[in-house]
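A short write-up of the structure that comes next.
The values are calculated or read from the model by the stated rules, or taken from the named source; none is laboratory data. Remember, it's a predicted structure, so these values are computed and weren't measured experimentally. Glycine gets a Cβ as well: all are built from the backbone with ideal geometry, and neighbour counts include every protein chain shown. Each accessible area value is taken on the protein alone, full model and side chains, heavy atoms only, with ligands, DNA and RNA left out. Shrake-Rupley method; radii C 1.70, N 1.55, O 1.52, S 1.80 Å.
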Amino acid sequence: GSTSRLRRIEGAVGGVEQIATVVAKQIQLFGETPAAAEQYLSVMNKLSDTTAATAVEISSFLSKFTIAPTLKIAQEEAAAWGATFVSLGQNASDSATRMQSAYAMVLKGSKDTDGAINGLFEGNSKMAAQLEQLAGRSIEQAKSYSNLAREAIGKDANEAMKLFVTTLSEVESSSERAEIAFKMFGQVGARSILTLIPELPKLSDAAKEAA
């Protein structure tokens, strides 16, 4: 039950009072009911047990990743991103800021960002088909892959970002990959994305644990 989970992660967080504060913040941020506390504690417990991230670090990521509820990214999905970035040696708060920036760049769009997205998917027909499926529209209907990318974020922001990162990982040249990432996500967002690319299985593992 929730009491046993509190005890298991108490050492990592620093006391029941701090856990209660952390849980209350997350429920407020994600617009959940108090019943979500049990699920949140379960996710914290699983990820702190199976990744290098502590409950405090995961919570720090979530508290800064304030765009998640707006994009309808589930709490456990956001927690998996946070645990993965921390496991890769990144600061939880910084990586949340970078992820927010990455989403914002794609959603805002620019000549460089849209050009990078269009080039990336024009060069990978398999991933382009997945993007169309996720967005629920064809490239003919959307007119560009950058439009499809924004529509995909609107449909499923979590899966859209995973698709972007996976597609980038298939660019063979590391210098070309970095150039695309910086144009697509901006200098801030690209830092976390490029760190994640060689370690994509860690994100998948964390997501399974958090589910």
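Across segment 125-176, which residue is nearest to D112 (Cα to Cα) among those that are among the acidic types (D, E) and in a helix (DSSP H, G or I)? Even if it seems obvious, please write down each step before you answer.
Going through segment 125-176, the residues among the acidic types (D, E) turn out to be 132, 140, 151, 156, 159, 170, 172, 176.
After this cut, where a residue has to be in a helix (DSSP H, G or I) as well, the list is 132, 140, 151, 156, 159, 176.
Numbers: E132: 21, E140: 21, E151: 18, D156: 23, E159: 23, E176: 14 Å.
The selected residue is E176.
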message: For segment 40-50, which positions are among the polar types (S, T, N, Q) and in contact (Cβ under 8 Å) with a residue 40 or more places away in the chain?
response: N45, T50
- prompt: Could you say whether any residue in segment 42-57 is open to solvent by 10 Å² or more (accessible area, probe 1.4 Å) and more than 20 Å from A207 (Cβ to Cβ)?
  reply: yes
query: When both residues are 6+ apart or on different chains and their Cβ atoms are under 7 Å apart, which pairs have a first residue that lies in segment 51-79 and is more than 10 Å from A96 (Cα to Cα), and a second that is open to solvent by 40 Å² or more (accessible area, probe 1.4 Å) and not in a loop (DSSP other than H, G, I, E, B)?
result: T54/A12; A55/A12; V56/A12; P69/L29
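For the condition loosely packed, with under 15 Cβ neighbours inside 10 Å and either within 19 Å of the chain's Cα centre (by Cα) or in contact (Cβ under 8 Å) with a residue 60 or more places away in the chain (or both), what is the one hit in K208, K202?
Details: K202 fails: loosely packed, with under 15 Cβ neighbours inside 10 Å.
Sole residue among the options that is loosely packed, with under 15 Cβ neighbours inside 10 Å and either within 19 Å of the chain's Cα centre (by Cα) or in contact (Cβ under 8 Å) with a residue 60 or more places away in the chain (or both): K208.
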statement: Scanning segment 166-176 residue by residue, the ones that are touching a helix residue (DSSP H, G or I) at 6+ places or on another chain (Cβ under 6 Å) and either surrounded by fewer than 20 Cβ atoms within 10 Å (Cβ to Cβ) or farther than 15 Å from E122 by Cα (or both) total 2
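With the structure loaded, tell me whether N118 is over 21 Å from T66 (Cβ atoms) and part of a helix (DSSP H, G or I) or whether it fails that test. Quick ask: steps written out before the conclusion?
Working: over 21 Å from T66 (Cβ atoms): yes; part of a helix (DSSP H, G or I): yes.
Yes; evaluated as a whole, the condition is true for this residue.
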message: List the residue pairs whose Cβ atoms are under 6 Å apart, where the first residue sits in segment 106-121 and is within 11 Å of Y145 (Cβ to Cβ) and in contact (Cβ under 8 Å) with a residue 60 or more places away in the chain, the second is open to solvent by less than 30 Å² (accessible area, probe 1.4 Å) and among the β-branched types (V, I, T), and the two are 6 or more positions apart or on different chains.
response: A116/I180; L120/T167; L120/I180
field: Matching entry among N147, N124, N158, N118 (being within 21 Å of R98 (Cβ to Cβ) and either crowded, with 16+ Cβ neighbours inside 10 Å or hydroxyl-bearing (S, T, Y) (or both))
entry: N158
